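**Student:** Below you'll find the structure I mean.
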Amino acid sequence: MRNRIHACLVLLMAASLAPARAQAGGWYLEAGAGRLSGDFGTADTGRVDLAYGTVGYAWSRAYLDVTVPALRLETRSSGGSRRASGLGDVLVRGLRRVVAEPGGFSFDAGLAVKFPTADPDADLGTGQGDAEAFLALNQRWGRFQVTVQGGWIQSQPRPGQRNGQYTAGCGMAWYASRTKVSLGYAARAAPYPGTPSPRELALDVYRALGTRFALRASWAAGLSDGSPHSNLGVGLLYFP
């Protein structure tokens with residue numbers, strides 16, 4: 001189950017861009033929950049339930065936020081089952097829109113840092129920090145947008161683990177007055193040589209609920225043994 005904590009990180013980063021309502025500037029808060037299940041490319045099967053809280057601030061072309069998750073882990077193997085719960089790794093994320101052309105082209109640069117606040121003895125984290133830098137190219141035509149993204153995760157590796165992994169993805173999004181629907185494909189290198197590389201297909205929906213609240217929901221399906229079989233998440237956003 002060595003990939004499962006990284007899968008939690010991916011769930012928390014499912015919406016890399018700042019909430020649409022906050023892009024005009026100001027604070028935003030988010031509370032949500034999610035569930036991942038599968039064998040994650042190992043001989044064991046497991047489930048990760050999580051709840052999280054996020055506080056962030058958005059400028060006109062940038063955002064910065066902090067997410068604190070709580071995890072509940074259940075693992076089943078031929079030797080029995082194991083359960084653990086506690087604080088997960090704290091995640092700090094930021095994104096800057098570097099280029100925004102009148103023709104609909106935009107270029108984003110982002111950074112996410114995972115701090116090792118989870119208990120590694122309970123298998124809730126690795127006990128090591130990670131940092132991911134990524135770039136995204138976007139082209140929008142009216143209500144339709146296409147995105148291509150790539151990045152690199154730099155880790156403090158354990159013995160036998162890679163010290164870095166690539167990330168790549170592409171997607172499309174449709175915008176309405178109060179709704180955004182996006183479909184994307186994500187791939188990344190396996191942290192351990194010889195294990196399956198994660199591949200996922202994700203669907204995300206963002207819906208504004210008046211002027212102060214918004215709802216975000218996500219679903220992802222694993223396309224390889226290195227990914228969770230299913231990945232569900234929902235979050236409620238508040239704009240003070």
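The values are calculated or read from the model by the stated rules, or taken from the named source; none is laboratory data. All values derive from a computational prediction rather than experimental measurement. FYI the Cβ positions are ideal-geometry reconstructions off the backbone, even for glycines, and counts take in every protein chain you see. Calculation scope for accessible area: heavy atoms of the full protein, side chains included, ligands and nucleic acids excluded. Shrake-Rupley method; radii C 1.70, N 1.55, O 1.52, S 1.80 Å.
**Student:** Could you calculate the contour length gain from ALA168 to GLN139, that is, 0.36 nm times the residue separation minus the distance between their Cα atoms, to one decimal place in nm?
**Tutor:** Details: separation 29, 0.36 × 29 = 10.44 nm, distance 1.70 nm.
Extra length from ALA168 to GLN139 when fully extended: 8.7 nm.
**Student:** Here's something else I'd like to know. Keeping the other protein chains in place, figure out the carbon and sulfur percent of the accessible area of region 72-222, with a 1.4 Å probe. Walk me through the numbers before you get to the answer.
**Tutor:** On the way: 4790 of 7830 Å².
Here it works out to 61 percent.
**Student:** Moving to a separate point now. Work out how much length ARG72 to VAL98 would gain on full extension: take 0.36 nm times their residue separation and subtract the Cα-Cα distance, in nm to one decimal.
**Tutor:** Working: separation 26, 0.36 × 26 = 9.36 nm, distance 3.79 nm.
Extending this stretch completely gives an extra 5.6 nm.
**Student:** Pop the C-beta distance of LEU183 and ASP121 into the FRET formula with R0 = 45 Å and round what comes out to the nearest 0.05. Spell out each step's value before the answer.
**Tutor:** On the way: r = 39 Å, r/R0 = 0.86.
After rounding, the FRET efficiency stands at 0.70.
**Student:** With the Cα gyration tensor of region 100-240 giving a ≥ b ≥ c as the square roots of its eigenvalues, does the rule (a/c under 1.5 for rounded; else a/b larger than b/c for prolate; else oblate) give rounded, prolate or oblate?
**Tutor:** Values: a/c = 1.91, a/b = 1.58, b/c = 1.21.
Cα axes put region 100-240 in the prolate bin.
**Student:** Quick check on packing: order 163-173, 124-134 by the mean number of other C-beta atoms within 10 Å, highest mean leading. Present the calculation step by step, with values, prior to reporting the outcome.
**Tutor:** On the way: 163-173: 16.2, 124-134: 19.1.
Ranking, from highest mean packing down: 124-134, 163-173.
**Student:** To the nearest 0.05, how large is the calculated FRET efficiency for ARG83 and SER230 if R₀ is 30 Å and r is the Cβ-Cβ distance?
**Tutor:** So the FRET efficiency works out to roughly 0.95.
**Student:** Considering the dipole of the chain built from charges on the beta carbon (Lys and Arg +1, Asp and Glu -1) around the Cα centre, which of PRO196, GLY171, LEU215 is farthest to its positive end?
**Tutor:** LEU215
**Student:** Working out 0.36 nm times the residue gap between ARG207 and ALA131, then minus their Cα-Cα distance, what length gain in nm do you get to one decimal? Can you show the working numbers first?
**Tutor:** Values: separation 76, 0.36 × 76 = 27.36 nm, distance 2.96 nm.
Net length gain for the segment: 24.4 nm.
**Student:** Taking the solvent-accessible surface of protein heavy atoms with a 1.4 Å probe, what is the per residue accessible area of the chain in Å²? Don't skip to the answer; put the middle values down first.
**Tutor:** Working: 11460 Å² over 240 residues.
That works out to 48 Å² for each residue.
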